[in-house]
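Trainee: Starting off with a structure, shown below.
The values are calculated or read from the model by the stated rules, or taken from the named source; none is laboratory data. Predicted model, so just to flag it, every value in this text is computed and none were measured. When we count neighbours, we look across all protein chains shown, and the Cβ atoms used for this are built from the backbone with ideal geometry, even at glycine. Keep in mind that these areas ignore ligands, DNA and RNA; they rest on the heavy atoms of the full protein, side chains included. Shrake-Rupley method; radii C 1.70, N 1.55, O 1.52, S 1.80 Å.
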Amino acid sequence: MLNVIVTGGSRGLGLGIARRLAAGGYGVVALARKRTDSLSAAIEEAERRQTGSLRFISFDLSDIDGIPALVRGLKKEFGALYGLVNNAGIAFDGALALMPDAQIAQQVRLNTLAPIVLTKYVVRAMLAAGGGRIVNIASIMGFTGYSGLAAYGATKASLIGFTRSLAREVGRMGVNVNAVAPGFVRTEMTHGLKDEQLGQIARRSALHHLPEIDDVASAVEFLLGDGAKSITGTVPTVDAGNTA
């Protein structure tokens, strides 16, 4: 069974990805600060299915200094690490001119610094094993922008640049690196948007609806699979045609 780490795997998009991968036969390790009731239910579901597995490890990714020990512990407990899905993130909306510096720093630390450092140590294990897959969860905010999400958009744009450069760096050693850029999905990350705003976004999209969590999870599963063995350095969008 191939082991895949999913950060922010206790709720929302991360949980949807973890659940989908476990159903697809992967050994999923969900990293999050706290175990939620939804995650517990997903773990029980995976145990009933017996196709893959879903396990939980508590870790706060803002603890950058603790990441090397975290990865050592994951390798010791679960064995070889095949995949890493950098999904954990945080967003504060509001005008940049009024945003507290602490909120800006928190977004950069969790959305940019943490996945880069985590990838550094996980990719070492992948290189030693002869290959692996990394999927970074970016956002269409990384290349379209949205009023009130300047800092968040900056962190997601940085993940796109990170993806493309790292793909060239480690590709010859058997590691594929891609990103997925979701549009507006109904999760905790969009709770600040009113139904009217989400409706306007849906109407502007080519398909006239919002993408669902499982749509994004399906794209991640594809990039981890054999069908994507020749795909690296890409950033497919899953936005129902919002950016078409």
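Trainee: Of the conditions (1) open to solvent by 30 Å² or more (accessible area, probe 1.4 Å); (2) under 15 Å from the mean Cα position of the chain (by Cα), residue 238 fails just one. Which one is it?
Mentor: All conditions pass for residue 238, except number (1).
Trainee: Continuing with the same structure: Hey, does segment 164-176 have a residue that's buried (at least 18 other Cβ atoms within 10 Å of the Cβ) and assigned to a loop (DSSP other than H, G, I, E, B)? Break it down into steps so the answer makes sense when it comes.
Mentor: Applying the first criterion (buried (at least 18 other Cβ atoms within 10 Å of the Cβ)) to segment 164-176 yields 166-167, 170, 175-176.
Still in the running and assigned to a loop (DSSP other than H, G, I, E, B): none.
There is no residue in segment 164-176 that is buried (at least 18 other Cβ atoms within 10 Å of the Cβ) and assigned to a loop (DSSP other than H, G, I, E, B).
Trainee: Does segment 128-150 hold any residues that are assigned to a loop (DSSP other than H, G, I, E, B) and either free of Cβ contacts under 8 Å to residues at least 24 places away in the same chain or not aliphatic (A, V, I, L, M) (or both), and which are they? So that I can check it myself, show each step before the final result.
Mentor: Residues of segment 128-150 assigned to a loop (DSSP other than H, G, I, E, B): 130-131, 138-139, 143-149.
If the condition is that a residue be assigned to a loop (DSSP other than H, G, I, E, B) and either free of Cβ contacts under 8 Å to residues at least 24 places away in the same chain or not aliphatic (A, V, I, L, M) (or both), then 130, 131, 139, 143, 144, 145, 146, 147, 148 are the ones that fit.
Trainee: If you scan segment 192-237, which residues turn out to be of a type in the set (Ser, Thr, Tyr) and assigned to a loop (DSSP other than H, G, I, E, B)? Even if it seems obvious, please write down each step before you answer.
Mentor: At the first step, the residues of segment 192-237 found to be of a type in the set (Ser, Thr, Tyr) are 205, 218, 230, 232, 234, 237.
205, 230, 232, 234 - these are the residues of segment 192-237 that are of a type in the set (Ser, Thr, Tyr) and assigned to a loop (DSSP other than H, G, I, E, B).
Trainee: Can you name the residue in segment 75-91 that is over 18 Å from the mean Cα position of the chain (by Cα) and of a type in the set (A, V, I, L, M, F, W, C) and is also surrounded by the most Cβ atoms within 10 Å (Cβ to Cβ) among such residues?
Mentor: We begin by selecting, within segment 75-91, every residue over 18 Å from the mean Cα position of the chain (by Cα); these are 75-80.
The next check asks that each one be of a type in the set (A, V, I, L, M, F, W, C); those that pass are 78, 80.
Values: 78: 16, 80: 14.
So the residue we want is 78.
Trainee: Something else about it: Take the residues in segment 24-57 that are open to solvent by 40 Å² or more (accessible area, probe 1.4 Å) and in a helix (DSSP H, G or I), then tell me which one is modelled with the lowest pLDDT.
Mentor: Looking at residues that are open to solvent by 40 Å² or more (accessible area, probe 1.4 Å) and in a helix (DSSP H, G or I), I get 49.
Trainee: Taking segment 26-57 as the search range and keeping residues that are among the small types (Gly, Ala, Ser) and in contact with a strand residue (DSSP E or B) (Cβ under 9 Å, 6 or more places away or on another chain), which one is nearest to residue 213 (Cα to Cα)?
Mentor: The first filter runs over segment 26-57 and keeps only residues among the small types (Gly, Ala, Ser), leaving 27, 30, 32, 38, 40-42, 46, 52-53.
Checking which are in contact with a strand residue (DSSP E or B) (Cβ under 9 Å, 6 or more places away or on another chain) leaves us with 27, 30, 32, 40, 42, 46, 52-53.
Working: 27: 20, 30: 16, 32: 18, 40: 18, 42: 15, 46: 18, 52: 20, 53: 20 Å.
Result: 42.
Trainee: I would also like to ask the following. Suppose the filter is in a loop (DSSP other than H, G, I, E, B) and open to solvent by 30 Å² or more (accessible area, probe 1.4 Å); does residue 60 pass it? Full working, then the answer.
Mentor: Values: in a loop (DSSP other than H, G, I, E, B): yes; open to solvent by 30 Å² or more (accessible area, probe 1.4 Å): yes.
Against the criterion (in a loop (DSSP other than H, G, I, E, B) and open to solvent by 30 Å² or more (accessible area, probe 1.4 Å)), residue 60 qualifies.
Trainee: Further question: Just to be sure, is residue 65 among the acidic types (Asp, Glu), in a loop (DSSP other than H, G, I, E, B) and over 22 Å from residue 229 (Cα atoms)? If you could, list the steps in order and put the result at the bottom.
Mentor: On the way: among the acidic types (Asp, Glu): yes; in a loop (DSSP other than H, G, I, E, B): no; over 22 Å from residue 229 (Cα atoms): yes.
In short, no.
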